[in-house]
Amino acid sequence: MNNIKKKIDELYEKLLMLVSDEKYLDEIERAHDFFSNGLEEETVEIGFNQWLMFDYVFQNGSSFIDELLMNDLLDDTELVMAAKNSILSVFKVFELERYTYIKDVFTKEDYMIENMMDIDRNPIIARVITYKKKNFIIEVVNEWAEESEDSIRKSIYEKYNEYCSKIKNTEINEFLRKNAIIIYKYLMIYKDIKIKSVFQDEEFFLHLATYSIINMDMFNKSINESENIVFQTDEYDNDIYELSMENVVICEIEVISNNFEIQCRNNEDLVESMNEIDRIFKNSIVKLKEEVLNVEDLI
């Protein structure tokens, strides 16, 4: 078992070296822009290096794990595949007399852990790698509050159901494996909002409006020609834009299939955004609803 743990540690160290290599600087900058998209500038960053090493996919379809093989830095194909199939999730911890196992709260799968770390919370958010039929924890995320367990579970299931209904059906374990960034963003947004709530002594709200696109050709033409709307990313296969007025961003626009949603930090920005949206898109859209979400709803 010690030899297996040594190999996993070696893999981790080599990945850390790769993401520090200057030849990947442009790729890392693109990854960071994607990772931080939609977050406030002062948001505390959580998990970027781990996501970069294990989950980020290059523009050419490669990854840092693939680069280990291509650069002859690791010749253990089984270990590479184990790293590619590692999963970040929320786990309940069960400590028995002779061993400890964890249960994934989403897939309900159990993992008997060979290297249980000192853990001061339950459940945990951790990354598990299975190699040589043994399970090892290679990352524990400490920056989260256990009281948010119900909220994170609700958030992940909502994202998963949205993905299945609007993109394609998939098993939740595969969804989590390909979308670990959702968990990291949940943690960052939750912490950012809680910090602001403490210092501002107020609750945090997100003001939303949802629209249906009734003429996609007109919509695409309008959004591409607008000087005030700038494309940001196609995160989770949804197109993300920002709407600015007088060089100040007032809302984020997320296009999901034949619908889109605008998200604002206050009602004043929402009203201004809706007026501008009506002006830009005219008869190609119809508004479906407005709503206000608090921290537990929006995460």
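A few comments on the model shown:
Okay, residues lined up against (1) in the same structural domain as Val230 (by TED's automatic domain parsing); (2) crowded, with 17+ Cβ neighbours inside 10 Å; (3) not polar (S, T, N, Q):
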{"site": "Lys6", "(1), (2), (3)": "no, no, yes"}
{"site": "Glu27", "(1), (2), (3)": "no, yes, yes"}
{"site": "Trp51", "(1), (2), (3)": "no, yes, yes"}
{"site": "Ser62", "(1), (2), (3)": "no, no, no"}
{"site": "Ser86", "(1), (2), (3)": "no, yes, no"}
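- Lys92 being out of contact with any Phe, Trp or Tyr (no Cβ under 7 Å at 6 or more places or on another chain) and part of a strand (DSSP E or B): yes
- At least 2 residues being surrounded by 17 or more Cβ atoms within 10 Å (Cβ to Cβ), assigned by TED's automatic domain parsing to the domain that holds Ser284 and modelled with pLDDT of 85 or more is the threshold, and among the strands (runs of 3 or more DSSP E) wholly inside region 131-243 those reaching it are 205-213.
- Subset of region 1-41 (residues that are part of a loop (DSSP other than H, G, I, E, B) and under 22 Å from Ile189 (Cβ atoms)): Asn37, Gly38, Leu39, Glu40, Glu41
- The set of residues from region 257-271 being buried (at least 16 other Cβ atoms within 10 Å of the Cβ) and either in a helix (DSSP H, G or I) or at pLDDT below 90 (or both) comprises Gln263, Cys264, Arg265, Asp269, Leu270.
- From Asp66, Asp21, residue being closer than 25 Å to Asn173 by Cβ and free of Cβ contacts under 8 Å to residues at least 60 places away in the same chain: Asp66
The values are calculated or read from the model by the stated rules, or taken from the named source; none is laboratory data. Given the structure is predicted, the values throughout are model-derived calculations rather than measurements. With ideal geometry, Cβ positions are generated from the backbone for all residues, glycine too; neighbour counts draw on all protein chains shown.
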